[in-house]
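Worksheet for the structure shown next.
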Amino acid sequence: MKTHSLPPAAQTCVAGIVFAIGTEADAFEGRARDTTATIAGGLTFQEGTVAGRRVAWVVSGAGTARASTACQLLIDGHRPGLVISAGFAGALDEHLTRGRVVSPMRASRIDHEPIDLTPATALALPQELTILTVDRVVCTAADKQALAAATAADLVDMETWGVATVARAAGLACVSVRVVSDGAGEDLPREMTDLVQPQSTMRRFGAALRAVSRRPQAAVDMWRLWEQAVVDARTLADALERFVGQLPAGDPVSPP
């Protein structure tokens, strides 16, 4: 995949945002005005005005590879001044409570060098937080504890490191804006692994039905999780709108 640095004169929007799943993006999309959509690489890229700033965004699908591909296409097509990896994250640190907005200062991945991020200090207290990107949904408190002990990371997701890698190659700053969706001591329904995979609405519905047939309590667990996700998505949209509104309309933000 070809990567390149874009000169400031080529900037067409102040920020490009990569979400993993539609639930993370839905509330933010509702804030945008004068939107246009284009399709590239099988993904839908949208551009619109939020808080008086022109921004572009895409729902990449879960995982590092999908986020990386979507980020590169977003940069090539919309020339953002910076890139934002936005969505939910699981806490590995027990002090990070559910529903909290965080903006880590580093993105890490096992067996790779960490990447410095540009923290959105206006949204969250400045802290030396590290977000670890892995290739699976971390569902159990025991798994979170093991990852925290092995890596000293504070949060876990499946996309930020991939987005940060592409942004760095393009000479752009990368900001991670995350809402803590589950605490370090909280177990997620084990069916989450199947439900976050890229698939049509009908396939996702089928996966949910199979989960309920195997474990009836899954219906209650997934409904509760969906309700929490709707609230978290609104919190995320509020944070992104505030952050975007504070960005300069002209020059791009320099990477750390």
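Read the figures in this text as sums done on the coordinates, not as results from a lab. Just so we're clear, the structure is a prediction, and the values are computed from it rather than from any experiment. Cβ coordinates were reconstructed from backbone atoms using ideal geometry, including for glycine residues, and neighbour counts include every protein chain displayed.
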Where GluC sites (Glu not before Pro) fall in DSSP loop in segment 10-56, at most 13 other Cβ within 10 Å: none
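Using only the alpha carbon atoms of segment 1-155, find the Kirkwood hydrodynamic radius as the inverse mean reciprocal pair distance, in angstroms to one decimal. Spell out each step's value before the answer.
Details: mean 1/r = 0.0597 Å⁻¹.
Hydrodynamic radius (Kirkwood, Cα only) of segment 1-155 equals 16.7 Å.
Determine the shape class of segment 142-189: with a ≥ b ≥ c the square roots of the Cα gyration tensor eigenvalues, call it rounded for a/c under 1.5, and otherwise prolate if a/b is greater than b/c, oblate otherwise.
prolate
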Normalised Cα Rg of segment 47-137, dividing by 2.2 N^0.38 Å with N its residue count, works out at 1.17
Ranking His112, His78 by Cβ neighbours within 10 Å, fewest first, what do you get? His112, His78
If every Lys and Arg gets +1 and every Asp and Glu gets -1 at its Cβ, then about the Cα centre segment 1-152 yields a dipole, in debye to the nearest 20, of 300 debye
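If each residue's Cβ is checked for other Cβ atoms within 10 Å, how do Met158, Met105 rank with the fewest at the top? Could the numbers behind the result be given before it?
Values: Met158 25, Met105 19.
Ranked by crowding around the Cβ, least crowded first: Met105, Met158.
Taking the Cα centre of segment 66-111 as the origin, how large is its charge dipole in debye, to the nearest 20, when only Lys and Arg (+1) and Asp and Glu (-1) carry charge on their Cβ atoms?
Working: 6 positive and 4 negative charges, 24 e Å.
With Lys and Arg at +1 and Asp and Glu at -1, about 120 debye.
Could you calculate the contour length gain from Asp135 to Arg33, that is, 0.36 nm times the residue separation minus the distance between their Cα atoms, to one decimal place in nm? Walk me through the numbers before you get to the answer.
Values: separation 102, 0.36 × 102 = 36.72 nm, distance 3.42 nm.
Once the chain is fully extended between Asp135 and Arg33, it gains 33.3 nm.
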